[in-house]
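Quick note: the coordinates plus some simple rules give every number you see, no bench work behind them. Owing to the predicted nature of the structure, the values given are computational and were not obtained by experimental measurement. Cβ placement follows ideal geometry from the backbone for every residue including glycine, while neighbour counts extend to all protein chains displayed.
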Amino acid sequence: MTASLAGRAVLVTRPAHQAASLAQAIEAAGGEAIRFPALAIDAMPAAELAAALAWLREADAVIFISPNAAQFGMAAIGLLPAGAKVFAVGPGTARELAHSGQHTVIVPDGQDSEALLALPELAHVGGQRIVIVRGVGGRPFLADTLKARGAEVRFMECYRRVRPQADAAPLLARWQAGGVDAVTVASAETLANLLAMLGEAGGPLLAATPLFAPHEKIVASARSLGLAHAQATAGGDAGLVDGMIRWFNTRTNT
């Protein structure tokens, strides 16, 4: 595709430690990345993971549901049990596992619990011990379905998601002057945090700006909040950037 993001300023709301790759991809496409983390990640204390780590040593399968789960989970685990099957919810999570030395990973075509559950390796799990590595909270659907298939499931909740404390005034001033062309979000929680951080003045600005997210569920959440310009893209940095390029290119040529 010959089109680019030249002249476009894109708000990147990922946690600070995960924003670099997307920012670089936006800049490589000719755009400007505005970093404004709307989510922060705090590691859980080691003492609170002791029981989960002990149970994990005998696990038949370990499922990492996000890059944060891979990063913070592997920092606590060190070495995964020999013989355990390792699953990642998407390619970004698999890449993070590879950074920790875990290269044999099963990755579904999609990037959610439904895609994981469609894998043949998780179809017949009766009697198996399965650990789901994730942040505090989250959907119970994956665990509930695996239990219904006969598995014994435990969570290892290795990090907590929090709303950052940041001054949004400089961003709002730029936005009001027309200096923000697109917004990217990676979760409904990030979007909710962003709305809270922007305050009353930021709501109309966000509603008037195209928002891009790598999953239809996030887009549905955005539209339920009145953000009619929310668009779903393919996953990963390349998917987000390509989705934005296509969206702007379509409007430039009409």
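General remarks:
- Residue-averaged 222 nm ellipticity for the chain, from DSSP H runs of 4+ at -39500 (n - 2.57), nearest 500: -12000 deg cm²/dmol
- Kirkwood Rh in Å, taken over the range 158-209 so that all alpha-carbon pairs contribute: 11.9
- Distance from the C-alpha centroid of the range 48-82 to that of the range 133-149: 15 Å, rounded to the whole angstrom.
- Nonlocal amide H pairs with Val133, under 5 Å, H built at 1.01 Å: Ile63, Phe64, Ile65, Met156
- Average Cα contact separation per residue, the range 42-161, under 8 Å, 6 or more apart, as relative contact order %: 32
- Backbone phi angles across the range 173-186, fed through the Karplus curve with coefficients 6.51, -1.76 and 1.60 (θ = phi - 60°), yield HN-Hα couplings of 4, 5, 4, 5, 8, x, x, 10, 9, 7, 10, 10, 9, 10 Hz in residue order; Gly and Pro are listed as x.
- Karplus-derived HN-Hα couplings along the range 77-93 (A = 6.51, B = -1.76, C = 1.60, θ = phi - 60°), whole Hz, x at Gly and Pro: 7, x, 10, 6, x, 4, x, 6, 6, 10, 10, 10, 5, x, x, x, 5
- When the convex hull of its Cα atoms is projected in every direction, mean area for the range 42-161 (nm²): 6.5
- Charge dipole of the chain (Cα centre as origin; +1 on each Lys and Arg Cβ, -1 on each Asp and Glu Cβ, all else neutral): 120 debye, rounded to the nearest 20.
- Rounded to the nearest Hz, the phi-derived 3J(HN,Hα) couplings of the range 209-221 under the Karplus curve 6.51 cos²θ - 1.76 cosθ + 1.60 (θ = phi - 60°) are 10, x, 10, 10, 9, x, 7, 4, 5, 5, 4, 4, 5, where x marks glycine and proline.
- Long-range amide H partners of Gln231 with built H, under 5 Å: Leu211, Phe212, Ala213
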